[in-house]
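Here the structure is laid out as structure tokens; the discussion comes afterwards.
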Amino acid sequence: MPKMIPDSLLKQRILLVGGGKMGSALLQGWLAAGFGVTQFMVNEPAPSDDLAASVAVVNPTAEQLEQSMPDIIVLAIKPQMADSVLPDLMPAVRRSTVVISLLAGQSIEHLSALLGGHDVIVRTMPNTPAAIGLGMTALIASDGVSAAQKQDAGHLMQAVGETVWLDSQKQMDAVTAISGSGPAYVFYLAETMMSAGVSLGLSEEMALQLARQTIVGAATMMVQSDTSPSQLRRNVTSPNGTTEAALDVLMAETGGLGTLMRQATQAAALRNRQLADLDKDDD
């Protein structure tokens, strides 16, 4: 569950660079958690009406930035935009500014180079359930981040869900594949369950209701129980019953869900590494 926000963090000025799906999800979650509207400025060339109405300043001018220098800059642009966008941010970056990056595949070293050697950077990988305070964010800090700054970054992301600190940037490939991209896997599971229900004679509306609430209920059971997912599965699988018949298909050694999930997450991790390799080629 989201944690209490320290008073010191509620006094900090935050510049959100990028107001797309992930940036907007985080902003929505932060405002719902109790952050003030006036804390935020947003850089977004094409802001939605909701985004424009949710913060005090959209696309601040150089004068506005100078008058209200951000304490924290959150990078939520597309990774391929980093090379063109980050150098333009340098006037807003002080030595003490904490730069929090959401950019997949963009290493701390590459981000630092784009920011003129700035070394107060926290690399993160959140996911979109942050919009409702149920996100999952992995973080890793550069050597230039102080203990207090690291704590602030952690509290900022804890306000919209759970967090975990990594030991190495190499772990970001796996994190991106599991939790970063993970919500899409769950949404697709709901899609396929709904489609299967329709093929069995249900209406789309009823099939979606059944699939959606089944996923919500099962996920809540996992969160509220100390029992492992595998044991929870066994608990609802009667010998020679309907669930076992379905699991015999899903758990098949060839073409089963386990095989497909490994292949899918390996593909996501590989793409994250490829994005990182593009950075190295550009450096």
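The values are calculated or read from the model by the stated rules, or taken from the named source; none is laboratory data. Since the model is a prediction, treat every value here as computed from it, not as a measurement. Cβ atoms come from the backbone with ideal geometry, glycine included; neighbour counts cover every protein chain shown.
For segment 85-106, what are the residues that are of a type in the set (S, T, N, Q) and either touching a Phe, Trp or Tyr at 6+ places or on another chain (Cβ under 9 Å) or modelled with pLDDT of 95 or more (or both)? Of everything in segment 85-106, those that are of a type in the set (S, T, N, Q) and either touching a Phe, Trp or Tyr at 6+ places or on another chain (Cβ under 9 Å) or modelled with pLDDT of 95 or more (or both) turn out to be 96, 97, 101.
Residues of segment 194-221 that are small (Gly, Ala, Ser) and surrounded by 12 or more Cβ atoms within 10 Å (Cβ to Cβ): 195, 196, 197, 207, 211, 218, 219.
The residues listed here are 241, 255; of these, the one that is on the phi > 0 side of the Ramachandran plot, assigned by TED's automatic domain parsing to the domain that holds residue 196 and either touching a Pro at 6+ places or on another chain (Cβ under 9 Å) or among the small types (Gly, Ala, Ser) (or both) is 255. Within segment 122-153, the set of residues being over 22 Å from residue 8 (Cα atoms), assigned to a helix (DSSP H, G or I) and among the aliphatic types (A, V, I, L, M) comprises 131, 132. Within the set 145, 175, the sole residue that is aliphatic (A, V, I, L, M), farther than 28 Å from residue 90 by Cβ and at pLDDT 95 or above turns out to be 175. Is one or more of the residues making up segment 264-271 modelled with pLDDT of 95 or more, in a loop (DSSP other than H, G, I, E, B) and hydrophobic (A, V, I, L, M, F, W, C)? Checking segment 264-271: not a single residue is modelled with pLDDT of 95 or more, in a loop (DSSP other than H, G, I, E, B) and hydrophobic (A, V, I, L, M, F, W, C).
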